[in-house]
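Inspection log for the structure reproduced underneath, given as structure tokens.
The values are calculated or read from the model by the stated rules, or taken from the named source; none is laboratory data. The model shown is predicted, which means the values in this text are computed figures rather than measured ones. Positions of Cβ are backbone-derived with ideal geometry, glycine not excepted, and every protein chain shown enters the neighbour counts.
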Amino acid sequence: MQEVRGVVSVAKGKPVEIAAIRVPDPGPGEALVRVQACGVCHTDLHYREGAINDDFPFLLGHEAAGTVEAVGPGVTGLEPGDYVVLAWRAPCGVCRSCRRGRPWYCFDSLNAVQPMTLLDGTPLSPALGIGAFADKTLVAAGQAVKVDPAARPEAAGLIGCGVMAGFGAAANTGDVSRGDTVAVIGCGGVGNAAIAASSLAGARKVIAVDVDPRKLEWARGFGATDVVDASSTDAVEAIKSLTDGNGADVVIEAVGRPETWKQAFFARDLAGIVVQVGVPSPDMTVELPLIELFGRGGALKSSWYGDCLPSRDFPMLIDLYLRGKLDLDGFVSETISIDQVEEAFEKMERGEVLRSVVVF
Ligand SMILES: NC(=O)c1ccc[n+]([C@@H]2O[C@H](COP(=O)([O-])OP(=O)(O)OC[C@H]3O[C@@H](n4cnc5c(N)ncnc54)[C@H](O)[C@@H]3O)[C@@H](O)[C@H]2O)c1
Ligand SMILES: [Zn+2]
Ligand SMILES: [Zn+2]
């Protein structure tokens, strides 16, 4: 048992607090990881706003890199000292999706079995089964994915969520390939990773759409060929006019709102693909003429975690980073300490950062 500091969300809408937490020694199939860096993702804020579920208190943080400190009985292929990025998907191998050969949809992904707790014994709900705004965290061994230790933790950790989700939304879910036209609506950490992936895949045009000019400027740095400020321009018309009046082959929605999803729907070419990677809240709805769904053809997809297989994709993204092909450093807007997460949420909401990263 270890006693460490963690960032805890105690109640809906309340500012997060630093609390002393208890982390059990790893049991069978578990790994204890010393966290070195963890990014602040919009999903952490969704948790603390009560938009994910009501299982307070949450231990926030889920975009992390660190080193394995101990592994429990029966763990193979992972040992103390290994440098890892934490994943919120660790395919179980036995659910109906894994058995059908589609482990990236695993319906029963593995997490640590033993709970981390507050000092009074109250169990914590770790965000996305990770909980890495803490000096140490307990995960299922399969959630700790070994990567090249040459990648600095502030950058490497980001592939654990937002960057992987955005990259995979384009590369896996949208299957963006050479010659495609792509539009990305919402250019935060997730959207910009989709832009980077589309650019790497050989898209001929990558259109970045946001309501914040700072985000559009960053998007150019990640490979956007054109930018659209949707606060002053009609996004659908702008995307169409940039694609010979047709719409884009793939439109990626990385905001998580009905109006931007609708823009994605209407801004794609006939038989094009919409990829929804932004996470809506439970109260949101869309209404559309059914004939539009039929008549436009193509595919409407959602992308959970970029349809990634962490053990396959994390080492690959890290190698692309180390070769200078994927600018992970460009996502690190600032490094902060563990007691600045609440300020980081405010900066995120004001659009001042792509990622604030807590370093330990
Ligand atoms: N599907 C997944 O597996 C997965 C994983 C991680 C994050 N997410 C989700 O992806 C979304 C984006 O995450 P992020 O961390 O990049 O958040 P972020 O807050 O950094 O980025 C959101 C961006 O959307 C822009 N935006 C807001 N309203 C807009 C509008 N009307 N039109 C165009 N742009 C608009 C903002 O200016 C901002 O740049 C969130 O909903 C997050 O929960 C999904
Ligand atoms: Zn499974
Ligand atoms: Zn996230």
> For the range 327-357, what are the residues that are hydrophobic (A, V, I, L, M, F, W, C) and more than 16 Å from the chain's Cα centre (by Cα)?
Replying inline: I336, I338, V341, A344
> What number of residues within the range 187-246 satisfy the criterion of being charged (D, E, K, R) and farther than 20 Å from P258 by Cα?
Replying inline: 8
> So which residues in the range 272-321 are touching an Asp or Glu at 6+ places or on another chain (Cβ under 6 Å) and more than 16 Å from ligand 3 (Cβ to nearest atom)?
Replying inline: G272, I318
> Out of the range 297-325, which residues are among the aliphatic types (A, V, I, L, M) and either within 11 Å of ligand 1 (Cβ to nearest atom) or not assigned by TED's automatic domain parsing to the domain that holds S198 (or both)?
Replying inline: L309, M316, L317, I318, L320, L322
> Does at least one position in the range 44-65 carry a residue that is within 18 Å of A11 (Cβ to Cβ), among the hydroxyl-bearing types (S, T, Y), assigned by TED's automatic domain parsing to the domain that holds S337 and in contact (Cβ under 8 Å) with a residue 40 or more places away in the chain?
Replying inline: yes
> Inside the range 181-254, counting only strands (runs of 3 or more DSSP E) that do not spill past its ends, which hold 2 or more residues that are without any contact (Cβ under 8 Å) to a residue 24 or more places away in the chain and more than 17 Å from the chain's Cα centre (by Cα)?
Replying inline: 226-229
>> Here's a check for you: in the range 114-153, which residue that is under 15 Å from the mean Cα position of the chain (by Cα) and outside any loop (DSSP other than H, G, I, E, B) is nearest to L322 (Cα to Cα)?
In response: Q143
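Among the helices (runs of 4 or more DSSP H) confined wholly to the range 262-360, which include 3 or more residues that are closer than 25 Å to A196 by Cβ?
Of the helices (runs of 4 or more DSSP H) lying wholly inside the range 262-360, those with at least 3 residues that are closer than 25 Å to A196 by Cβ span 310-322, 341-350.
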> Using beta carbons and a limit of 8 Å, which pairs, at least six apart or on different chains, have the first residue in the range 118-133 and farther than 18 Å from I159 by Cβ and the second one among the charged types (D, E, K, R) and at pLDDT 95 or above?
Replying inline: L118/R22; L119/E3; L119/R22; S125/D55
>> So, G50, is that one within 20 Å of A144 (Cβ to Cβ) and either modelled with pLDDT of 95 or more or out of contact with any Ser or Thr (no Cβ under 8 Å at 6 or more places or on another chain) (or both) or not?
In response: no
> Taking the condition near ligand 1 (Cβ under 9 Å from one of its atoms) and not basic (K, R), does I195 pass?
Replying inline: no
